[in-house]
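What follows is a single structure, written as structure tokens, with notes after it.
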């Protein structure tokens, strides 16, 4: 719990810069770190303005790629949004594909997504599903470079809504992440939805991952829910449940585990595979593209790692081919030029190496690796 509180505190400290408004180029108060931007959408379905927080991958503006989208409910909890954005950036360097993060603020609180307690009226959560389908998702697809792969993430009452959405409209998202979901809400209705709702006839692949802690009183509720799910789910639907130990409500480590489960073999450099060539690595990502239904390019970080290790093995012809491929796929990638510069340096072509390092620095003047290698050339 101490680690969790410390992480939340650190995120909170930087929030005044995370969502700062844009300032002029010469304004000395311009924030150094930006994890998101504030937006909004006027909803006719909900009859109100929905505040949004948006985080885009690095180099999004210069990229021609399309990105899967992760929708997070309850992003008014800004520290949580900052954690998710930072995690996507860090893991997007080779552990998972880069993703767009859309946070849906719930100023009234996550309980707005629950059925009314008195009569179990589900009109409000049903309206929010309609809002996603007819307004928010089309809005995001029209304004951002999106791939046809979407994930919904929610915790606590938002986690209930995540499960509720799956049972009522399973095709709306490809993956559903529910952290500490409030499954004690209308449990009988949820079980009936499993037995006879739209999920029963699902023919496309969909995935649910539930994570909760053993100290929050959810064990029996999750066990009963998944017992019914196991007995009635279609073959195309898979799910996973993780009970953590002493991690509290909506565990801080849930999101990393969600992503690693969704993309278990994204990084090809693991003991189970011997992908020592560029062809094998690109074939690996071709297979992933077919599995997830959209093009997943070989990440530049993985190409760089392969090329760098090939240089160390003294196979400079293969290394040059790898970084030539990187330049073709990522012509504005600073790592592409750094890698080719390292190849030229190993070949003894020091002037060509210098040109490559300097090109990397024109893309990112603060690229420390390129600065160091350029300094070594001069020395």
Q) Within segment 316-336, is even one residue in a helix (DSSP H, G or I), without any contact (Cβ under 8 Å) to a residue 12 or more places away in the chain, under 23 Å from residue 277 (Cβ atoms) and within 32 Å of the chain's Cα centre (by Cα)? A) yes
Q.
Take the residues in segment 244-275 that are in a loop (DSSP other than H, G, I, E, B) and in contact with a helix residue (DSSP H, G or I) (Cβ under 6 Å, 6 or more places away or on another chain); name whichever of them is modelled with the lowest pLDDT.
A. 275
Q: For segment 44-65, enumerate the residues that are over 21 Å from residue 108 (Cα atoms) and at pLDDT 95 or above.
A: 55, 56
Q: Please enumerate the residues belonging to segment 28-42 that are under 20 Å from residue 81 (Cβ atoms) and either at pLDDT 80 or above or touching a strand residue (DSSP E or B) at 6+ places or on another chain (Cβ under 8 Å) (or both).
A: 35, 36, 37, 38, 39, 40, 41
Q: From the list 185, 194, 211, pick out the single residue that is assigned to a loop (DSSP other than H, G, I, E, B) and crowded, with 18+ Cβ neighbours inside 10 Å.
A: 185
Q) Given the conditions (1) crowded, with 22+ Cβ neighbours inside 10 Å; (2) assigned to a loop (DSSP other than H, G, I, E, B), which single one is not true for residue 119? A) (1)
Q: Name the residue, out of 241, 222, 163, that is in a helix (DSSP H, G or I) and touching a helix residue (DSSP H, G or I) at 6+ places or on another chain (Cβ under 9 Å).
A: 163
Q: Of the numbered conditions (1) within 25 Å of the chain's Cα centre (by Cα); (2) touching a residue at least 40 places away in the same chain (Cβ under 8 Å); (3) surrounded by fewer than 18 Cβ atoms within 10 Å (Cβ to Cβ), residue 179 fails exactly one; give the number of that condition.
A: (3)
Q: Just need a number here: residues in segment 122-160 that are outside any helix (DSSP H, G or I), surrounded by 18 or more Cβ atoms within 10 Å (Cβ to Cβ) and in contact with a strand residue (DSSP E or B) (Cβ under 7 Å, 6 or more places away or on another chain).
A: 9
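The values are calculated or read from the model by the stated rules, or taken from the named source; none is laboratory data. No experiment lies behind these values; they were computed from the predicted model shown. Glycine gets a Cβ as well: all are built from the backbone with ideal geometry, and neighbour counts include every protein chain shown.
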